[in-house]
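Trainee: Have a look at this one before I ask anything.
The values are calculated or read from the model by the stated rules, or taken from the named source; none is laboratory data. As the structure is a prediction and not an experimental result, all values here were calculated from the model. Cβ sites come from the backbone with ideal geometry, for glycine too, and all protein chains shown count toward neighbours.
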Amino acid sequence: MMTKLKYLLLFAVLTACSNAIKQGKEGTTYHEKHRPQIHFSPKANWMNDPNGMVYFNNQYHLFFQHYPDSNVWGPMHWGHATSKDLIHWEQQPIALYPDSLGYIYSGSEVVDSNNTSGFGKDGKIPLVAIFTHHDTLIQNAGRDDYEKQSLAYSLDDGKTWTKYENNPVLRNPGIRDFRDPKVMWFEAGKKWVMTLATKDRITFYGSPDLKNWTKESEFGQQEGSHEGVWECPDLFSLDYNGEQVWVLLVSVSSGGPGGGSATQYFTGQFDGNKFTASDKEIKWVDYGPDNYAGITWSNTGKRKIFLGWMSNWHYATLVPTQQWRSANTIPRELGITKAGDKWLLTAQPVTELDVLEGKTVRAINVDVTDYDLTGKAGKVSGPVKLHLTADKIESFAITISNDSAQKVVMGYDKENNQFYIDRTQSGKADFQDGFAAKHTAPRFSNSPELDMTIVLDNASVELFADKGLSVMTDIFFPDQVFSNIRIQSPAHFSMKSLQLTPLKSIWE
C-alpha cells in the first residue's frame with residue numbers, strides 16, 4: 001500500500017513532468033526564438049506569397065504558398081488560415097495540393113455571388129480560387145509553356161475545395177513566367193477581369209464566367225522597374241475626395257530599393273479593358289527589404305487591406321529559424337493622396353490591431369536630445385507600438401537594443417530628407433552577404449510636422465511615417481529580444497507626444 005509521502009512525491013513528479021511537457025510544447029509552437037508574436041506565420045515549415053485572400057461570411061481567409069514537408073521552398077501547396085478580426089489566426093488544413101497539372105502557385109479568390117461560374121448549388125454561393133498550375137515536367141523538358149491558370153471552388157465557406165474538371169481555363173501562349181492571376185468583378189462591364197503577370201509585363205483578360213477568358217490589353221513593357229521578373233500583380237481602385245484612382249501593384253523579384261525583391265505600384269485609370277498610368281515615376285509600396293508579393297483582400301468593399309510576405313528572395317531560405325520560415329506583414333489599410341500632380345499610395349496598420357493593446361505609457365513635450373524611454377517606462381518584454389508626433393521635424397534616431405549590445409537604429413535624416421532603418425548590428429547576419437545593412441526611404445511629405453508609428457515584434461520592425469506616405473519593413477535575428485529603447489537627436493528636438501503601447505501575443 002502506497003504511503004502518503006510516496007503518493008505526494010509521485011504526484012509532484014507527475015506534475016513536474018506534465019509541466020515540462022507543456023513548457024516543451026510551448027517552446028516549439030509559436031514561442032520559439034525569433035517567432036513573431038503579432039504576425040501570422042505557419043505552425044511549421046515553409047511559407048511565401050499570400051494567396052487567395054477573401055472576406056466571406058464574417059471571416060477573413062488567408063491562403064499562402066506553403067511547403068509542408070520542409071522549412072525551405074519545395075512543391076507548392078496552398079496553406080490556409082482564417083480569422084474573425086484580421087489579427088488572431090487559426091491555421092486550417094491545407095486547401096490545395098499539387099496534382100497531375102503541377103504545383104499550386106500563387107493566385108486569388110473571389111465570391112461568385114451571381115453564380116456566373118455555375119459552381120453554386122442549392123443556393124450556396126461559391127468561393128472560387130483562380131491559381132497558377134506550374135508543371136515541372138514540362139519545364140524540365142525545356143518548354144516555355146509550363147504555367148497556366150486553373151480553378152477550384154468551395155461550397156462550405158472554404159473548408160473543402162474541388163478543382164474544376166476542365167482545368168486549365170487559361171492555357172499558356174508559349175511564354176515563360178505566365179502566372180499569379182488576381183481576379184476582380186468589374187461592375188461597369190458586368191465581367192470578371194484577370195490581372196496576370198506575363199514575362200516582363202501585365203496582361204489583362206476578361207471573362208463572363210471565370211471559365212472562358214479573352215485577352216484584352218497589356219501594360220508595362222516600357223514602364224516601371226524591370227530589374228527582376230514581374231509577378232503577383234493586383235488591380236483595384238481607391239477614392240480620393242470622390243475621384244476614383246486606380247492602383248496597379250507589381251512585385252519585382254530583384255532591384256528593390258532595399259535590395260532584392262520589392263513591390264512597385266502604378267497609379268492611373270482603368271476603363272475595363274486597358275490600364276493607363278498617370279506618370280512614369282517608379283514608386284514602391286515599401287522601401288524596406290522585407291515586404292514582397294503583397295496583394296489585397298477581395299470582397300471588402302471600398303476598404304483595401306494589404307498583406308505582404310515579410311521576407312526577401314535574397315535570403316528567405318537562409319534565415320536562422322528552423323521549425324518555420326517566414327511571416328506576413330501586419331495587415332495594412334491602403335489609401336491614396338496627391339502630392340503636386342502625382343498620386344501617392346499610403347499604408348497604415350489596420351485599426352483592428354488595437355485589440356492587442358495593453359496600457360499605454362504617454363509623455364508630452366519630450367526633449368529627445370538623449371531620452372531613455374526604457375528608464376521611464378521599463379524594459380520592453382514583447383511586441384510594442386511606438387507613436388511619435390512633433391510640430392517641427394528634426395533629425396533623430398530611435399535605438400532598440402538588448403543586453404548583448406545588439407541593436408536596430410531607425411529614424412530621420414534631415415540633411416538627406418529620408419527615413420532609415422539600420423540593422424548592421426542587429427544580431428545574426430552571416431547567413432547572407434549584405435543582410436547587415438542600412439536602408440532608407442524618401443520623405444514625401446512637405447509638412448513641417450512629424451507623425452510616425454513603429455510596430456516592433458520579436459524579429460521585425462515596421463515603420464509608418466507621415467500617415468503612411470513613407471513605409472519601411474525590416475526583419476532581424478538578435479540573440480536576445482530587444483528590450484531597451486532610447487531616442488536621441490543632434491538638435492534641440494522636442495516630441496509633442498510619445499506613446500509606447502505593449503501588444504499582446506496573438507497566440508495566447
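Trainee: List the strands (runs of 3 or more DSSP E) that sit entirely inside region 220-308 and contain at least 3 residues that are over 20 Å from the mean Cα position of the chain (by Cα) and closer than 20 Å to residue 336 by Cβ.
Mentor: Because the criterion is at least 3 residues that are over 20 Å from the mean Cα position of the chain (by Cα) and closer than 20 Å to residue 336 by Cβ, the strands (runs of 3 or more DSSP E) in region 220-308 that meet it are 243-252, 262-270, 275-277.
Trainee: Sort out which residues of region 164-205 are free of Cβ contacts under 8 Å to residues at least 24 places away in the same chain and not in a strand (DSSP E or B), and write them in order of number.
Mentor: 165, 187, 190
Trainee: Restricting to region 129-160, and then to whatever is of a type in the set (D, E, K, R) and assigned to a loop (DSSP other than H, G, I, E, B), can you tell me which residue is farthest from residue 65 (Cα to Cα)?
Mentor: Initially, region 129-160 is screened for residues of a type in the set (D, E, K, R), giving 135, 143-145, 147-148, 156-157, 159.
Those still in the list that are assigned to a loop (DSSP other than H, G, I, E, B) too: 135, 143-145, 156-157, 159.
Numbers: 135: 16, 143: 24, 144: 22, 145: 21, 156: 22, 157: 20, 159: 17 Å.
Step by step, filter region 129-160, then rank; the result is 143.
Trainee: Of (1) at pLDDT below 95; (2) closer than 28 Å to residue 496 by Cβ, residue 333 satisfies all except one. Which?
Mentor: The one condition residue 333 does not meet is (1).
Trainee: Suppose we filter 465, 459, 491, 441 for residues that are among the aliphatic types (A, V, I, L, M) and surrounded by fewer than 20 Cβ atoms within 10 Å (Cβ to Cβ); which single one remains? Give the derivation first.
Mentor: Values: 465 fails: surrounded by fewer than 20 Cβ atoms within 10 Å (Cβ to Cβ); 459 fails: surrounded by fewer than 20 Cβ atoms within 10 Å (Cβ to Cβ); 441 fails: surrounded by fewer than 20 Cβ atoms within 10 Å (Cβ to Cβ).
491 is the lone residue from the list that is among the aliphatic types (A, V, I, L, M) and surrounded by fewer than 20 Cβ atoms within 10 Å (Cβ to Cβ).
Trainee: Additional query: Can you name the residue in region 77-104 that is in a loop (DSSP other than H, G, I, E, B) and of a type in the set (A, V, I, L, M) and is also farthest from residue 211 (Cα to Cα) among such residues? Even if it seems obvious, please write down each step before you answer.
Mentor: The initial filter retains those residues of region 77-104 that are in a loop (DSSP other than H, G, I, E, B), namely 84-89, 97-98, 100-101.
Filter once more, keeping what is of a type in the set (A, V, I, L, M): 86-87, 101.
Working: 86: 31, 87: 34, 101: 17 Å.
Checked region 77-104; the qualifying residue farthest from residue 211 (Cα to Cα) is 87.
Trainee: Restricting the search to region 105-126, which residues are hydrophobic (A, V, I, L, M, F, W, C) and part of a loop (DSSP other than H, G, I, E, B)? Can you show your working first?
Mentor: The first filter runs over region 105-126 and keeps only residues hydrophobic (A, V, I, L, M, F, W, C), leaving 110-111, 119, 125.
Passing the criteria: 119, 125.
Trainee: Only one residue in 139, 65 is surrounded by fewer than 20 Cβ atoms within 10 Å (Cβ to Cβ) and touching a Phe, Trp or Tyr at 6+ places or on another chain (Cβ under 9 Å), so which one is that?
Mentor: Working: 65 fails: surrounded by fewer than 20 Cβ atoms within 10 Å (Cβ to Cβ).
None of the other options fit; the residue is 139.
Trainee: Test each condition in (1) surrounded by fewer than 19 Cβ atoms within 10 Å (Cβ to Cβ); (2) out of contact with any Ser or Thr (no Cβ under 9 Å at 6 or more places or on another chain); (3) more than 14 Å from residue 110 (Cβ to Cβ); (4) not hydroxyl-bearing (Ser, Thr, Tyr) for residue 186 and report the one that comes out false.
Mentor: (3)
Trainee: Of these, 445, 460, 489, 483, which one is within 23 Å of residue 35 (Cβ to Cβ), out of contact with any Lys or Arg (no Cβ under 7 Å at 6 or more places or on another chain) and modelled with pLDDT of 95 or more? Spell out how you get there, then give the answer.
Mentor: Details: 445 fails: within 23 Å of residue 35 (Cβ to Cβ); 489 fails: within 23 Å of residue 35 (Cβ to Cβ); 483 fails: out of contact with any Lys or Arg (no Cβ under 7 Å at 6 or more places or on another chain).
None of the others qualify; the one that does is 460.
Trainee: With the requirement that a residue be out of contact with any Gly (no Cβ under 9 Å at 6 or more places or on another chain) and under 20 Å from residue 232 (Cα atoms), what does region 77-95 give you?
Mentor: Within region 77-95, 77, 79, 81 meet the criteria.
Trainee: Here is a follow-up. Condition first: at pLDDT below 50 and either hydroxyl-bearing (Ser, Thr, Tyr) or outside any helix (DSSP H, G or I) (or both). Now tell me which residues in region 1-60 satisfy that. First the steps, then the outcome.
Mentor: Narrowing region 1-60 to residues at pLDDT below 50: 1-26.
Once the filter is applied, which keeps residues that are at pLDDT below 50 and either hydroxyl-bearing (Ser, Thr, Tyr) or outside any helix (DSSP H, G or I) (or both), region 1-60 yields 1, 2, 3, 7, 15, 18.
Trainee: Within region 205-241, work out how many residues are within 21 Å of residue 297 (Cα to Cα) and either of a type in the set (Ser, Thr, Tyr) or not assigned by TED's automatic domain parsing to the domain that holds residue 107 (or both).
Mentor: We begin by selecting, within region 205-241, every residue within 21 Å of residue 297 (Cα to Cα); these are 205-207, 209-210, 230-240.
Now drop any that are not either of a type in the set (Ser, Thr, Tyr) or not assigned by TED's automatic domain parsing to the domain that holds residue 107 (or both), which leaves 205, 207, 237, 240.
Going through region 205-241 one residue at a time, the tally reaches 4.
Trainee: Here is a further query. Output the number of residues of region 114-135 satisfying the condition of being within 27 Å of the chain's Cα centre (by Cα) and of a type in the set (Ser, Thr, Tyr). If you could, list the steps in order and put the result at the bottom.
Mentor: Within region 114-135, the first condition is being within 27 Å of the chain's Cα centre (by Cα), and the residues that meet it are 126-135.
Those still in the list that are of a type in the set (Ser, Thr, Tyr) too: 132.
Selection size over region 114-135: 1.
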